[in-house]
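Since the structure comes first, as structure tokens, the remarks are kept for the end.
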Amino acid sequence: MATQVTPSKQAASSLENLKMKDSPVKKLDFNTEDKENMPVAPDSTVKPQPETEQKPPTKVEEPAEPPKVAKTLKELEAEEPILQENPHRFVLFPIKYHEIWNTYKRAEASFWTAEEVDLSKDLHDWHNRLNDDERYFISHVLAFFAASDGIVNENLLERFSAEVQIPEARCFYGFQVMIENIHSEMYSLLIDTYIKDPKQKSYLFDAIDTIPCIRKKADWALKWISDKESSFAQRLVAFSAVEGIFFSGSFASIFWLKSKGM
């Protein structure tokens, strides 16, 4: 039986007859005198360079970065400690500003709610002990109070609490906002209790729009909340005037009525 010659057997037979000397690959000539194969001459050795004393690089002192403050503040206020950016403003202790902290604790101790005030006897006096002029006067004072506490709170929330960076002051501002809310509720409750005519009641609740003198006071206070050019100190004085003149003047008139036995 004849053996079949397959392609693979033919390739194997060809490999047996292959001679390496017939390879077309160029032989390496190890006797070639070129720079690559020649040994390095003794006198051509690279001589080490004498070490020179390395001086440390001169440190360029960068100018100190000014303290950061809220965007609404002025550059001249960057040195004010209570306005500088404070990374520890989220943690209350240790107390650093004890006078501010004590003021907050005194405010905390004077806390009360609108539900604690009994108005049943006041309603009798309103109708039987006061004349029309006195009722008119008191109702307009209450209208001013009811509207103005909200303006004070807007300033505390939008400006002062965001700008002052010390936690002791923020505690006081937070508590003041709550107290102002209670005061506003109380003034509104007095109007709601004393004034029975719906039109008159709406007129007093909308005093910022309906009563010109209250409108002027409100506009003056609101101007300082939106003012981007005034400093924190200027706005602090402005709202001291709101509390110390606008509010105190109205409180004084109420106490005058009380001194008359009304």
Practice problem: Check Asp118 against each of (1) assigned to a helix (DSSP H, G or I); (2) free of Cβ contacts under 8 Å to residues at least 60 places away in the same chain and name the one condition it does not meet. | Solution: (1)
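What number of residues within the stretch 83-101 are at pLDDT 85 or above and within 24 Å of Arg159 (Cβ to Cβ)?
4
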Quiz item: Would you call Phe111 buried (at least 19 other Cβ atoms within 10 Å of the Cβ) and either in contact (Cβ under 8 Å) with a residue 24 or more places away in the chain or assigned to a helix (DSSP H, G or I) (or both)?
Solution: no
Quiz item: Is there a residue being surrounded by fewer than 19 Cβ atoms within 10 Å (Cβ to Cβ), touching a Phe, Trp or Tyr at 6+ places or on another chain (Cβ under 9 Å) and free of Cβ contacts under 8 Å to residues at least 24 places away in the same chain anywhere in the stretch 181-193?
Solution: yes
Practice problem: With respect to Phe205, determine if the residue is more than 26 Å from Ile100 (Cβ to Cβ), surrounded by 15 or more Cβ atoms within 10 Å (Cβ to Cβ) and out of contact with any Asp or Glu (no Cβ under 8 Å at 6 or more places or on another chain). | Solution: yes
Quiz item: Restricting to the stretch 110-133, what's the tally of residues that are within 24 Å of Glu243 (Cα to Cα) and either of a type outside the set (Val, Ile, Thr) or at pLDDT below 85 (or both)?
Solution: 4
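The values are calculated or read from the model by the stated rules, or taken from the named source; none is laboratory data. None of the values given here were measured: they were computed from a predicted structure. Note that we place each Cβ from the backbone using ideal geometry, even for glycine, and neighbour counts take in every protein chain shown.
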